[in-house]
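Chemist: If you scroll down you'll find the structure; I have some questions about it.
The values are calculated or read from the model by the stated rules, or taken from the named source; none is laboratory data. Just so it is clear, the model here is predicted, and its values are computed rather than measured. Backbone-built Cβ (ideal geometry, glycine too); neighbour counts: all protein chains shown. These accessible areas exclude ligands, DNA and RNA; they are computed on the full protein's heavy atoms, side chains included. Shrake-Rupley method; radii C 1.70, N 1.55, O 1.52, S 1.80 Å.
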Amino acid sequence: MARIVMKFGGTSMAGTERIRRVANLVRKQQARGHEVAVVVSAMAGETDRLVNFCREANPLYDPAEYDVVVASGEQVTSGLLALTLQAMGCKARSWLGWQLPIRTAEAHSKARVETIDAEALIAAMQGGEVAVLPGFQGLSAEGRVTTLGRGGSDTSAVAVAAAVHADRCDIYTDVDGVYTTDPRIVARARKLKYVTYEEMLELASVGAKVLQTRSVSLAMKEHVRVQVLSSFLGDDAPPADDLPGTMIVSDEEMDKITEDQDMERQLVTGIAHDKNEARIVLTRVPDRPGAVSHIFSPLADASINVDMIIQNVGRDKGETDVTFTVPQADLARAQALLEAKRGEIGFNRIITDAKVAKISVVGVGMKSHAGVAATMFKAMADRGINVQAISTSEIKVSVLIDEDETELAVRVLHTAYGLDAEDEAA
Ligand code: ADP
Ligand code: ASP
Ligand code: MG
């Protein structure tokens, strides 16, 4: 017997028929003798719909009220799953974020889980009741509803798994594991049986939305065993306990696995893309100490994350252009803030472009091997793809390109790093 947290994403919860499938999977896990807590997302498309209502109501919306609106999608699905389980004769009840509570800190709309009072949950699970929790939502110190950022139900699931000391956290989604790149873009993407926390963290943070970034860092910190697997398989599919999906493992476990199986660790693990960034160029910024601080301090104070940054070679008259990216969702706020600080920063023009994409290659092998970036630039150049900005970390290289070239770039790089699945290669 084990204690399992099962998380179901939006497509798995889209409508009563799908919810019935989910309830069946939950029931099967319980029938194997496991104690089960379930974390659910809103129905696919619902959160987008709710976000749009907020934008229509007030384009510069108050994040606290935004949270009230968008948290509602998960309340609906958690109640519906509890009802469906009850209809099947399973004991089940929902526990909303404020009821447990799931305490969170930091900004509304991107809150961070601090503590979960899991006593009642554990008692329910031990009593044979399925605990159903809406993902994505929590409670602030002020007693208001918060949400954990888009895709945040993954983080809710990992946080619940850590709080109840679960043996495993199964993240059920619409693909059967983590692939070398988004399998919806590259048909030859390969499923990874294992991926390390570090690589998954980097992949998620550069756009592999199969897991929310914070869920991976939390799992790494709390030593939660996470599996990504599909909720869309037939009744004859192997049970989750046989680990049919992708397991996220520590670096040491990965070393052991590769050694046992006599495999080499890949130089590049995966490729991700992100179309949610926007580029801002400030022209003719004074080229003197402190100038960039005038640009980035107000953005940081407003919790706007700046990602890639380039300062061009100075022009004549001690001026330079500064290029950087921010999340598209924060573009309007960033632009308004920068305009308000125009005098202090001293720029000439502000140019924005939301039609950009960031393509990243990730792999721990980069730590010890040179040439990964060179391969990337050559592959892109051979296809005439223009690179607008570059950023690197120890295990990642990212480039900013025209959004229209996203699919092409991902495919070209997937082939360039030898990641294409052999059986489907032409
Ligand atoms: P859910 O609604 O279940 O949370 P998401 O849409 O958030 O599901 O995440 C699953 C999607 O992530 C897949 O449908 C796939 O298109 C996308 N994805 C992006 N990168 C990868 C990857 N490397 N491996 C698997 N899926 C990926
Ligand atoms: N429903 C939320 C979203 O779409 C949270 C989640 O599904 O993980 O972002
Ligand atoms: Mg998701």
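Chemist: Does Ser94 satisfy the criteria of being within 21 Å of the chain's Cα centre (by Cα) and under 23 Å from Ile19 (Cα atoms)? Please lay out each step first, then the result.
Modeler: Details: within 21 Å of the chain's Cα centre (by Cα): no; under 23 Å from Ile19 (Cα atoms): yes.
No: the conditions fail for Ser94.
Chemist: Sticking with this one: Does Arg150 satisfy the criteria of being within 23 Å of Thr11 (Cα to Cα) and either without any contact (Cβ under 8 Å) to a residue 40 or more places away in the chain or touching a strand residue (DSSP E or B) at 6+ places or on another chain (Cβ under 9 Å) (or both)?
Modeler: Numbers: within 23 Å of Thr11 (Cα to Cα): yes; either without any contact (Cβ under 8 Å) to a residue 40 or more places away in the chain or touching a strand residue (DSSP E or B) at 6+ places or on another chain (Cβ under 9 Å) (or both): no.
Answer is no for this residue.
Chemist: Sticking with this one: Would you kindly identify the strands (runs of 3 or more DSSP E) lying entirely within segment 341-417 that contain at least 1 residues that are of a type in the set (Asp, Glu)? First the steps, then the outcome.
Modeler: Working: elements: 350-353, 356-362, 389-393, 396-402.
Counting at least 1 such residues, we get 350-353, 396-402.
Chemist: Scan segment 144-158 for residues that are open to solvent by 10 Å² or more (accessible area, probe 1.4 Å) and away from ligand 3 (no atom under 14 Å from the Cβ) and jot them down.
Modeler: Across segment 144-158, the qualifying residues are Arg144, Val145.
Chemist: Which of the following residues is open to solvent by 20 Å² or more (accessible area, probe 1.4 Å) and either within 14 Å of ligand 2 (Cβ to nearest atom) or within 18 Å of the chain's Cα centre (by Cα) (or both): Ala31, Ala14? Show your work before the answer.
Modeler: Numbers: Ala31 fails: either within 14 Å of ligand 2 (Cβ to nearest atom) or within 18 Å of the chain's Cα centre (by Cα) (or both).
It is Ala14.
Chemist: How many residues are open to solvent by 50 Å² or more (accessible area, probe 1.4 Å), in contact with a strand residue (DSSP E or B) (Cβ under 9 Å, 6 or more places away or on another chain) and over 21 Å from Gln29 (Cβ atoms) if we restrict to segment 113-137?
Modeler: Residues in segment 113-137 being open to solvent by 50 Å² or more (accessible area, probe 1.4 Å), in contact with a strand residue (DSSP E or B) (Cβ under 9 Å, 6 or more places away or on another chain) and over 21 Å from Gln29 (Cβ atoms): 3 in total.
Chemist: Quick check: is even one residue across segment 109-120 in contact with a Gly (Cβ under 9 Å, 6 or more places away or on another chain) and free of Cβ contacts under 8 Å to residues at least 24 places away in the same chain?
Modeler: The answer is yes; a qualifying residue exists.
Chemist: Kindly indicate whether Arg284 is of a type in the set (D, E, K, R), touching an Asp or Glu at 6+ places or on another chain (Cβ under 6 Å) and away from ligand 2 (no atom under 16 Å from the Cβ).
Modeler: Details: of a type in the set (D, E, K, R): yes; touching an Asp or Glu at 6+ places or on another chain (Cβ under 6 Å): yes; away from ligand 2 (no atom under 16 Å from the Cβ): yes.
Considered against the rule, which asks whether it is of a type in the set (D, E, K, R), touching an Asp or Glu at 6+ places or on another chain (Cβ under 6 Å) and away from ligand 2 (no atom under 16 Å from the Cβ), Arg284 comes out as yes.
Chemist: Considering only segment 215-326, give the strands (runs of 3 or more DSSP E) lying wholly within it that have at least 3 residues that are open to solvent by less than 20 Å² (accessible area, probe 1.4 Å). Steps first, answer last, please.
Modeler: Values: elements: 226-230, 246-249, 270-274, 277-286, 309-311.
Because the criterion is at least 3 residues that are open to solvent by less than 20 Å² (accessible area, probe 1.4 Å), the strands (runs of 3 or more DSSP E) in segment 215-326 that meet it are 226-230, 246-249, 270-274, 277-286.
Chemist: If I ask for residues that are surrounded by fewer than 13 Cβ atoms within 10 Å (Cβ to Cβ) and closer than 20 Å to Val364 by Cα, which ones from segment 374-395 would you list?
Modeler: Ala374, Glu394
Chemist: I would also like to ask the following. Report the residue count in segment 174-211 for those that are open to solvent by 30 Å² or more (accessible area, probe 1.4 Å) and either part of a strand (DSSP E or B) or closer than 18 Å to Glu277 by Cβ (or both).
Modeler: Total satisfying the criteria: 7.
Chemist: Which one of Gly128, Gly149, Gly135 is under 21 Å from Ile19 (Cα atoms) and within 16 Å of ligand 1 (Cβ to nearest atom)? Reasoning before the result, please.
Modeler: Values: Gly128 fails: within 16 Å of ligand 1 (Cβ to nearest atom); Gly149 fails: under 21 Å from Ile19 (Cα atoms).
It is Gly135.
Chemist: Thr84 is checked against (1) within 20 Å of Thr11 (Cα to Cα); (2) polar (S, T, N, Q); (3) part of a strand (DSSP E or B) and fails just one. What number does that condition carry?
Modeler: So Thr84 meets the others, but not (3).
Condition check ((1) at pLDDT below 95; (2) near ligand 1 (Cβ under 7 Å from one of its atoms); (3) under 22 Å from Thr11 (Cα atoms)) across all residues:
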residue: Ala163; (1), (2), (3): no, no, no
residue: Ala166; (1), (2), (3): no, no, no
residue: Cys169; (1), (2), (3): no, no, yes
residue: Tyr179; (1), (2), (3): no, yes, yes
residue: Pro183; (1), (2), (3): no, yes, yes
residue: Lys191; (1), (2), (3): no, no, yes
residue: Val210; (1), (2), (3): no, yes, yes
residue: Ser215; (1), (2), (3): no, no, yes
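Chemist: If I ask for residues that are open to solvent by 30 Å² or more (accessible area, probe 1.4 Å) and either at pLDDT 95 or above or in contact with a helix residue (DSSP H, G or I) (Cβ under 6 Å, 6 or more places away or on another chain) (or both), which ones from segment 101-112 would you list?
Modeler: Matches in segment 101-112: Arg103, His108, Ser109, Arg112.
Chemist: Right, here's the next one. For segment 34-76, name all the residues that are hydrophobic (A, V, I, L, M, F, W, C), open to solvent by less than 70 Å² (accessible area, probe 1.4 Å) and out of contact with any strand residue (DSSP E or B) (no Cβ under 9 Å at 6 or more places or on another chain). I'd like the intermediate steps shown before the answer.
Modeler: Here is the first cut: in segment 34-76, the ones hydrophobic (A, V, I, L, M, F, W, C) are 36-40, 42-44, 50-51, 53-54, 57, 60, 64, 68-71, 76.
If we keep only those that are open to solvent by less than 70 Å² (accessible area, probe 1.4 Å) too, we end up with 36-40, 42-44, 50-51, 54, 64, 69-71.
Passing the criteria: Met43, Ala44, Leu50, Val51, Cys54, Val69.
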